[in-house]
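These notes concern the structure reproduced below.
The values are calculated or read from the model by the stated rules, or taken from the named source; none is laboratory data. As the structure is a computational prediction, the values presented were derived from the model and not from experiment. Note that we place each Cβ from the backbone using ideal geometry, even for glycine, and neighbour counts take in every protein chain shown. These accessible areas exclude ligands, DNA and RNA; they are computed on the full protein's heavy atoms, side chains included. Shrake-Rupley method; radii C 1.70, N 1.55, O 1.52, S 1.80 Å.
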Amino acid sequence: MDKKGNPQIDLSQSVDFLVFWGLKTDVKAFCNQNRREKTVQLCNLSRTEKTMIRVNNLIKNYKKVEALAGVDIHVKPGEIFAYLGPNGAGKTTTIRILTGLTQASSGSCCINGFNIEKEVRQAKQQYGLVPQAINLDQELTVQENLIIHGWLYRMKSSEISSRIDALLDYVELLEKKKSQVKTLSGGMKRRLMVARALLHGPKVLFLDEPTVGLDPAIRRKIWALIKKIQTGGTTIFLTTHYIEEAEFLADRVAFLDQGRVVALDSPERLMESLGAWAIDRLVEDGMETVYFKTRNDAERFNTLKSEQYTLRRVNLEDAFLDLTGKKVK
Amino acid sequence: MIHGIIAIYFREMLILRRRLTRQIPSWSISPFLYLTAFSYAVGHGVEIEGHTYMEFLIPGLIAMSSMTQAFAIASEINIARFYWHIFEEFQASPISKVSYVGGEVLAGMTRAMLSILVIMALGFLFGVRLNYGLAFFIALLLNSFVFASLAVALAMVVKSHADQSMLNSFIITPMAFLGGTFFPIDRLPSWAGAFLNLLPLTHASKAIRAACLNQPVSIFSYVLLFAIGVLFFSVAVRCVEKAKD
Ligand SMILES: Nc1ncnc2c1ncn2[C@@H]1O[C@H](COP(=O)(O)OP(=O)(O)OP(=O)(O)O)[C@@H](O)[C@H]1O
Ligand SMILES: [Mg+2]
């Protein structure tokens, strides 16, 4: 992909790719929620309110590090929400707190209306988690890994076996059902983790850096899978430090920097705030980027200058750099 | 609750099944060495309370092995936690802390029982006939319950796998040698005997030996082991929360 080129071209190529991988939407099977309606209202919202993940003033301090400094996020049902930030921004910490692996220092989190500290069991039934590090039982088979998950989530044996076949087919791993996990490739393991996280039919899927360490083709395959899961009605919360991943996948993006959300909006709106066109040019102390509303403005600007420059469309990376105040050196 | 226990237990058993062909030789090697070394080199002609040294030693080995094998679940838990990150899968799932501890403790007890079968078979080959009755099995179960629970508790509070092996050398190895396994503790000075009487393994070897040799069993040892086991189990349940960072 030509990263510095026109992002619209990138996008349409990826869409073709998506179609190629087949958006077969086995919708009902993947959102068969049979949750009982409950009337507990610890989070001051009814179960039908339009917030799937609600994070209020979340703070996490490790001994010396302030990993999260008051994060507020509301994720709507059915959207892909990307949590974007550099290494060490606090992305994993947020997911770990939301999924009960780490204790928050303060703040509250609700998933589908269930408070993760006060209604632990119900909250945990609402989501599936694909953590950053691969956490499969390598010695066991694909099938055995999935069966154990099904039991952890109180599924019936008959339901487990039918879901396993459907999901392995969905992530294109059916022929690996009886293989030991350690014989799978990295991309296959990722897809298996996604299948496992979906086994119990969660409403929310947490994906922590789902494509890190994968080659470009496999990455796109995972992207296509994520889109496919969204069309099944599942809300997706994903972290990434690949900006183009967020740009391609997300309905809304939160920029996280040093434990703070510095911006939260749709990728289009975040980019619009800067303009539509950008010129990168060499100046004395490095690179400078100048933004313009129209291509004409940009071209007019350049006729006045003689240095080397690149004219391109504004992308999400510009918005991120602008907001975090980091200059490309 | 049952679902969670089954899930955790079933996982450990699947892993154990894969390793069984390697486990059985490793379970048999040290008892085999002890039996050969002690019985032929040391124990010849030695008699303790009217029994041959072999008859004295095998129940001790059984107590020791059920302890170490039940405790070995700690290493399994740690590998799953620090190396494979599988513990996160359990933490994220809606099972209770009691289910988690219950499943792991049962797995530890199962390992202990299987390793004992190996020693019983070895003893049989060495021509030692002992009474493996109900009292014997209850004592064995209680001993493995105590140490599997301790193992889960400690596995939850350690911060790395290296800490775990330190615990092994400070708790398990000394207890294995001093807990009335290789020699009767009443031959020691009274202060030492009093101290060793505080160790759960001392009571377990007493109870197991008494049962094997058809001596009168002390109900106190059974009650004590049970109480310690329940205590360790509840500590383990509380420690699961501590495993969050
Ligand atoms: N267990 C821990 N103990 C102490 N500090 C921690 C711990 N976990 C994370 N941190 C610190 O918290 C901050 C946020 O880390 P986190 O893993 O959430 O970042 P991240 O955004 O996921 O980064 P990456 O892109 O590298 O995965 C970092 O400064 C990190 O050093
Ligand atoms: Mg991370």
1.4 Å probe, heavy atoms, protein only - residues of segment A:143-176 losing at least 30 Å² accessible area vs chain alone: A:Glu144, A:Ile148, A:Trp151, A:Leu152, A:Tyr153, A:Arg154
Inter-site label distance for A:Lys178 and A:Glu284 at 7 Å from Cα along Cβ, in nm: 7.3 nm
At q = 0.13, 0.16, 0.18 Å⁻¹, base-10 log of I(q)/I(0) for segment A:132-285 (Debye sum, equal scatterers on each alpha carbon): -0.68, -0.93, -1.11
Probe 1.4 Å, protein heavy atoms only - accessible area per residue of the protein assembly as shown in square angstrom: 45 Å²
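Once you average over the residues of B:153-165, how many Cβ atoms of partner chains fall within 10 Å of each Cβ? Don't skip to the end; give the middle numbers.
Working: counts 0, 0, 0, 0, 0, 0, 0, 0, 0, 0, 0, 0, 0.
Taking the mean over all residues of the peptide, I get 0.
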Rounded to 10°, Cα long-axis angle of helix B:134-157 versus longest principal axis of chain B: 40 degrees
Number of Lys pairs (Cα under 24 Å; 8 or more positions apart or on different chains) in chain B: 5
Rounded to 10°, Cα long-axis angle of helix B:219-242 versus longest principal axis of chain B: 20 degrees
Rounded percent of accessible protein surface that carbon and sulfur make up, chain B, 1.4 Å probe: 72 percent
Number of partner chain Cβ atoms within 10 Å, mean per residue of B:80-88: 4
C-alpha center-to-center spacing [segment A:162-207, segment B:94-172] in angstrom: 34 Å
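Taking the Cα centre as origin and putting +1 on Lys and Arg beta-carbons and -1 on Asp and Glu beta-carbons, what dipole magnitude results for the protein assembly as shown, to the nearest 20 debye?
Working: 65 positive and 52 negative charges, 182 e Å.
Value, rounded to 20: 880 debye.
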Per-residue mean of C-beta atoms belonging to partner chains within 10 Å, peptide A:133-140: 5
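If you build the Cα gyration tensor of the protein assembly as shown and take the root of 5 times each eigenvalue, what three semi-axes come out, in whole angstrom, biggest first?
Details: eigenvalues 697, 110, 98 Å².
Square roots of five times the eigenvalues give 59, 23, 22 Å.
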Helix B:53-71 axis, angle to chain B major axis (alpha carbon atoms, nearest 10°): 10 degrees
Student exercise, segment A:87-219 dipole from Lys, Arg, Asp, Glu Cβ charges, in Debye to nearest 20: 160 debye
Other-chain or far-sequence residues with amide H under 5 Å of A:Gly70's (modelled H): A:Leu58, A:Ile59, A:Lys60
Shape category assigned to segment B:1-69 from the gyration tensor of Cα positions, a/c cut at 1.5: oblate
Accessible area that becomes buried as B packs against A, both chains, 1.4 Å probe, Å², nearest 100: 2900 Å²
Range of Cα positions in segment B:2-242 per principal axis (Å), largest first: 59, 39, 33
